[in-house]
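The values are calculated or read from the model by the stated rules, or taken from the named source; none is laboratory data. This structure is a prediction, so every number in the text was calculated from the model and none was measured. Note that we place each Cβ from the backbone using ideal geometry, even for glycine, and neighbour counts take in every protein chain shown. Note: accessible area is taken over every heavy atom of the protein model, side chains too, but ligands, DNA and RNA are not part of it. Shrake-Rupley method; radii C 1.70, N 1.55, O 1.52, S 1.80 Å.
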Amino acid sequence: EIIQARISEKETPRLWCLLGDATDDLQCYEKALELSKDRSARAFRSIGFHHYSRKDWKTCIPFFEKSLACSSMQPITLLRLSYAAMELEDWQLGARTYRSYCSMEQDSFEAWNNLARCYVKLEQKERAWRVLQEAVRCDFENWKVWDNIMVIATDIGVFDDVVRSYNRILDIKKTQIGRASCR
(Lines give C-alpha, C1' and ligand atoms only; values in the text may rest on other atoms or scores of the structure.)
Protein backbone atom coordinates (compact mmCIF):
# COMPACT_ATOMS: atom_id res chain seq x y z
CA GLU A 1 0.00 0.00 0.00
CA ILE A 2 2.82 2.36 0.86
CA ILE A 3 4.59 1.71 -2.43
CA GLN A 4 1.35 2.12 -4.39
CA ALA A 5 0.71 5.43 -2.59
CA ARG A 6 4.20 6.65 -3.56
CA ILE A 7 3.63 5.51 -7.15
CA SER A 8 0.39 7.51 -7.30
CA GLU A 9 2.42 10.60 -6.33
CA LYS A 10 5.22 9.98 -8.84
CA GLU A 11 6.04 6.90 -10.91
CA THR A 12 9.67 5.84 -10.95
CA PRO A 13 11.32 2.65 -12.20
CA ARG A 14 12.65 2.01 -8.69
CA LEU A 15 9.20 2.17 -7.12
CA TRP A 16 7.78 -0.18 -9.75
CA CYS A 17 10.62 -2.63 -9.06
CA LEU A 18 9.89 -2.45 -5.34
CA LEU A 19 6.24 -3.14 -6.04
CA GLY A 20 7.24 -6.09 -8.23
CA ASP A 21 9.38 -7.42 -5.38
CA ALA A 22 6.46 -7.12 -2.97
CA THR A 23 3.87 -8.68 -5.30
CA ASP A 24 6.00 -10.98 -7.48
CA ASP A 25 4.23 -9.44 -10.46
CA LEU A 26 6.35 -9.33 -13.63
CA GLN A 27 4.17 -6.54 -15.05
CA CYS A 28 5.61 -4.20 -12.42
CA TYR A 29 9.12 -4.81 -13.75
CA GLU A 30 7.90 -4.34 -17.31
CA LYS A 31 6.43 -0.99 -16.26
CA ALA A 32 9.80 -0.08 -14.72
CA LEU A 33 11.49 -0.93 -18.02
CA GLU A 34 8.96 1.16 -19.91
CA LEU A 35 9.56 4.17 -17.65
CA SER A 36 13.33 3.78 -17.89
CA LYS A 37 13.28 3.27 -21.65
CA ASP A 38 14.82 -0.20 -21.15
CA ARG A 39 17.74 1.13 -19.07
CA SER A 40 16.83 -0.25 -15.64
CA ALA A 41 19.43 -2.80 -14.65
CA ARG A 42 17.35 -3.45 -11.54
CA ALA A 43 14.24 -4.38 -13.53
CA PHE A 44 16.12 -6.69 -15.90
CA ARG A 45 17.88 -8.31 -12.92
CA SER A 46 14.61 -8.81 -11.05
CA ILE A 47 12.96 -10.47 -14.04
CA GLY A 48 16.05 -12.67 -14.39
CA PHE A 49 15.89 -13.63 -10.70
CA HIS A 50 12.20 -14.41 -11.08
CA HIS A 51 12.93 -16.95 -13.83
CA TYR A 52 16.11 -18.18 -12.14
CA SER A 53 14.22 -19.06 -8.96
CA ARG A 54 11.93 -21.20 -11.12
CA LYS A 55 14.93 -22.88 -12.77
CA ASP A 56 13.97 -21.44 -16.14
CA TRP A 57 17.60 -21.08 -17.20
CA LYS A 58 16.95 -20.21 -20.86
CA THR A 59 14.64 -17.34 -19.97
CA CYS A 60 16.71 -15.84 -17.15
CA ILE A 61 19.99 -15.61 -19.09
CA PRO A 62 19.00 -12.82 -21.53
CA PHE A 63 17.58 -10.73 -18.67
CA PHE A 64 20.78 -11.11 -16.65
CA GLU A 65 22.83 -10.18 -19.71
CA LYS A 66 20.71 -7.06 -20.29
CA SER A 67 21.04 -6.10 -16.64
CA LEU A 68 24.82 -6.48 -16.77
CA ALA A 69 24.95 -4.46 -20.00
CA CYS A 70 23.28 -1.60 -18.09
CA SER A 71 25.46 -2.01 -14.99
CA SER A 72 28.37 -4.43 -14.94
CA MET A 73 29.17 -4.22 -11.20
CA GLN A 74 26.68 -6.85 -10.03
CA PRO A 75 28.56 -9.82 -8.59
CA ILE A 76 25.46 -11.77 -7.55
CA THR A 77 23.94 -11.35 -11.02
CA LEU A 78 27.17 -12.61 -12.60
CA LEU A 79 27.16 -15.58 -10.27
CA ARG A 80 23.56 -16.48 -11.12
CA LEU A 81 24.19 -16.01 -14.85
CA SER A 82 27.24 -18.25 -14.62
CA TYR A 83 25.32 -20.96 -12.84
CA ALA A 84 22.45 -20.80 -15.34
CA ALA A 85 24.96 -21.05 -18.20
CA MET A 86 26.48 -24.17 -16.63
CA GLU A 87 23.03 -25.71 -16.21
CA LEU A 88 22.49 -25.24 -19.96
CA GLU A 89 26.04 -26.45 -20.66
CA ASP A 90 26.95 -23.15 -22.30
CA TRP A 91 30.57 -23.45 -21.23
CA GLN A 92 31.75 -20.35 -23.11
CA LEU A 93 29.24 -18.13 -21.36
CA GLY A 94 29.92 -19.83 -18.04
CA ALA A 95 33.67 -19.31 -18.37
CA ARG A 96 33.30 -15.67 -19.42
CA THR A 97 30.94 -14.78 -16.60
CA TYR A 98 32.80 -16.75 -13.91
CA ARG A 99 35.99 -14.92 -14.98
CA SER A 100 34.19 -11.62 -14.49
CA TYR A 101 32.83 -12.73 -11.13
CA CYS A 102 36.23 -13.98 -9.94
CA SER A 103 37.83 -10.67 -10.88
CA MET A 104 35.42 -8.97 -8.45
CA GLU A 105 35.16 -11.65 -5.76
CA GLN A 106 38.54 -13.33 -5.57
CA ASP A 107 37.90 -15.33 -2.38
CA SER A 108 35.24 -17.70 -3.67
CA PHE A 109 36.76 -21.14 -4.13
CA GLU A 110 33.42 -22.38 -5.53
CA ALA A 111 33.51 -19.82 -8.33
CA TRP A 112 37.13 -20.63 -9.17
CA ASN A 113 36.28 -24.33 -9.10
CA ASN A 114 33.29 -23.82 -11.41
CA LEU A 115 35.42 -21.72 -13.76
CA ALA A 116 37.87 -24.64 -13.90
CA ARG A 117 35.00 -26.97 -14.73
CA CYS A 118 34.00 -24.72 -17.65
CA TYR A 119 37.59 -24.78 -18.90
CA VAL A 120 37.71 -28.57 -18.66
CA LYS A 121 34.50 -28.81 -20.69
CA LEU A 122 36.07 -26.42 -23.24
CA GLU A 123 39.12 -28.73 -23.41
CA GLN A 124 41.36 -26.02 -21.87
CA LYS A 125 42.85 -28.12 -19.11
CA GLU A 126 45.97 -26.02 -18.55
CA ARG A 127 43.75 -23.01 -17.88
CA ALA A 128 41.65 -25.16 -15.56
CA TRP A 129 44.79 -26.19 -13.68
CA ARG A 130 45.87 -22.54 -13.25
CA VAL A 131 42.41 -21.56 -12.06
CA LEU A 132 42.38 -24.40 -9.54
CA GLN A 133 45.56 -22.91 -8.04
CA GLU A 134 43.41 -19.88 -7.17
CA ALA A 135 40.66 -22.10 -5.76
CA VAL A 136 43.08 -23.83 -3.42
CA ARG A 137 44.40 -20.46 -2.21
CA CYS A 138 40.86 -19.61 -1.17
CA ASP A 139 40.25 -22.89 0.66
CA PHE A 140 43.47 -24.74 1.42
CA GLU A 141 41.63 -27.28 3.58
CA ASN A 142 39.14 -28.45 0.95
CA TRP A 143 40.07 -31.94 -0.18
CA LYS A 144 37.71 -31.72 -3.17
CA VAL A 145 39.70 -28.85 -4.68
CA TRP A 146 42.91 -30.80 -4.14
CA ASP A 147 41.29 -33.81 -5.78
CA ASN A 148 40.38 -31.67 -8.80
CA ILE A 149 43.96 -30.38 -9.00
CA MET A 150 45.25 -33.96 -8.84
CA VAL A 151 42.99 -35.11 -11.70
CA ILE A 152 43.79 -32.15 -13.97
CA ALA A 153 47.51 -32.28 -13.12
CA THR A 154 47.51 -35.96 -14.10
CA ASP A 155 45.85 -35.13 -17.43
CA ILE A 156 48.34 -32.40 -18.32
CA GLY A 157 51.41 -34.16 -16.90
CA VAL A 158 52.27 -31.89 -13.95
CA PHE A 159 53.30 -34.78 -11.75
CA ASP A 160 54.78 -32.65 -8.96
CA ASP A 161 51.25 -31.33 -8.42
CA VAL A 162 49.80 -34.83 -8.56
CA VAL A 163 52.05 -35.92 -5.69
CA ARG A 164 51.55 -32.65 -3.77
CA SER A 165 47.76 -32.94 -4.16
CA TYR A 166 47.69 -36.56 -3.09
CA ASN A 167 49.78 -35.79 0.01
CA ARG A 168 47.60 -32.81 0.84
CA ILE A 169 44.44 -34.94 0.57
CA LEU A 170 45.98 -37.49 2.95
CA ASP A 171 46.91 -34.72 5.41
CA ILE A 172 43.40 -33.28 5.32
CA LYS A 173 41.81 -36.70 5.83
CA LYS A 174 44.14 -37.41 8.81
CA THR A 175 43.29 -34.05 10.36
CA GLN A 176 39.56 -34.63 9.94
CA ILE A 177 39.79 -38.15 11.38
CA GLY A 178 41.81 -36.78 14.32
CA ARG A 179 39.20 -34.09 14.99
CA ALA A 180 36.37 -36.63 14.83
CA SER A 181 38.04 -38.90 17.39
CA CYS A 182 38.54 -35.95 19.80
CA ARG A 183 34.81 -35.21 19.96
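Along the charge dipole of the chain, which of 118, 18, 28 sits closest to the positive end, that is, farthest toward it, with unit charges on the beta carbon of Lys, Arg, Asp and Glu (+1, +1, -1, -1)?
Going by the Cα projections, it comes out as 118.
By the scheme Lys and Arg +1, Asp and Glu -1, what is the net charge of all other residues having a beta-carbon under 14 Å from that of residue 87? Could the numbers behind the result be given before it?
Details: positive: 54, 55, 58, 80, 117, 121; negative: 56, 89, 90.
After counting each charged neighbour, the total is +3.
Give the lysines whose C-alpha is closer than 16 Å to that of residue 173, dropping any in the same chain fewer than 8 places away, or say none.
Residue 173 reaches 144.
Roughly how many nanometres apart are two label points built 7 Å out from the Cα toward the Cβ at residue 174 and residue 147?
The answer from the label model is 2.0 nm.
What net charge do the residues around residue 49 carry, taking every other residue with its C-beta under 14 Å from that of residue 49, with Lys and Arg at +1 and Asp and Glu at -1?
Details: positive: 42, 45, 54, 55, 66, 80; negative: 21, 24, 25, 56, 65.
Its environment carries a net charge of +1.
With angles folded into 0 to 90 degrees, how steeply does helix 41-53 sit against the dominant principal axis of the chain? Use alpha carbons for both and round to 10.
60 degrees
Please check: in the Gaussian network model of the chain (C-alpha springs, under 10 Å), which one of 103, 67, 165 has the largest mean-square fluctuation.
Of 103, 67, 165, the most mobile in the Gaussian network model is 103.
What is the local net charge at residue 70, summed over the other residues whose Cβ is closer than 13 Å to its Cβ (Lys, Arg +1; Asp, Glu -1)?
Net charge in that neighbourhood comes out at +3.
Compare 154, 23, 97 in a GNM of the chain, Cα atoms joined below 10 Å, and give the one with the largest fluctuation.
23
Could you work out [θ]222 nm for the chain from helices alone, using -39500 (n - 2.57) per DSSP H run of at least four and dividing by all its residues? Round to the nearest 500 deg cm²/dmol. Present the calculation step by step, with values, prior to reporting the outcome.
Working: 11 runs with 149 residues, N = 183.
Calculated mean residue ellipticity at 222 nm is -26000 deg cm²/dmol.
Please give every one of the aspartates and glutamates within straight-line cross-link reach of residue 66, meaning a C-alpha to C-alpha distance under 13 Å, and leave out same-chain neighbours fewer than 8 residues apart.
Partners within reach: 38.
For the range 79-183, what is the accessible area per residue in Å², given a 1.4 Å probe and the full set of protein chains?
Numbers: 6130 Å² over 105 residues.
Per-residue accessible area for the range 79-183 comes out at 58 Å².
Roughly speaking, to the nearest percent, how much of the range 14-114's 1.4 Å accessible area is carbon and sulfur?
47 percent
Relative to the longest principal Cα axis of the chain, at what angle does helix 13-23 sit, 0 to 90 degrees, rounded to 10?
The two axes meet at around 70 degrees.
Pop a pseudo-label 7 angstrom from the Cα along the beta-carbon direction at both residue 105 and residue 21 and give the gap in nm to one decimal.
Taking the two extended label points, one gets 1.8 nm.
Could you sort out which of 58/121; 10/58; 58/125; 10/31 sit more than 25 Å apart by Cα distance in this structure? Could the numbers behind the result be given before it?
Numbers: 58/121 20 Å; 10/58 35 Å; 58/125 27 Å; 10/31 13 Å.
Those over the limit are 10/58; 58/125.
Choose one answer from 46, 82, 36: the residue with the largest mean-square fluctuation in a GNM of the chain with alpha-carbon springs under 10 Å.
Result: 36 has the largest fluctuation of those listed.
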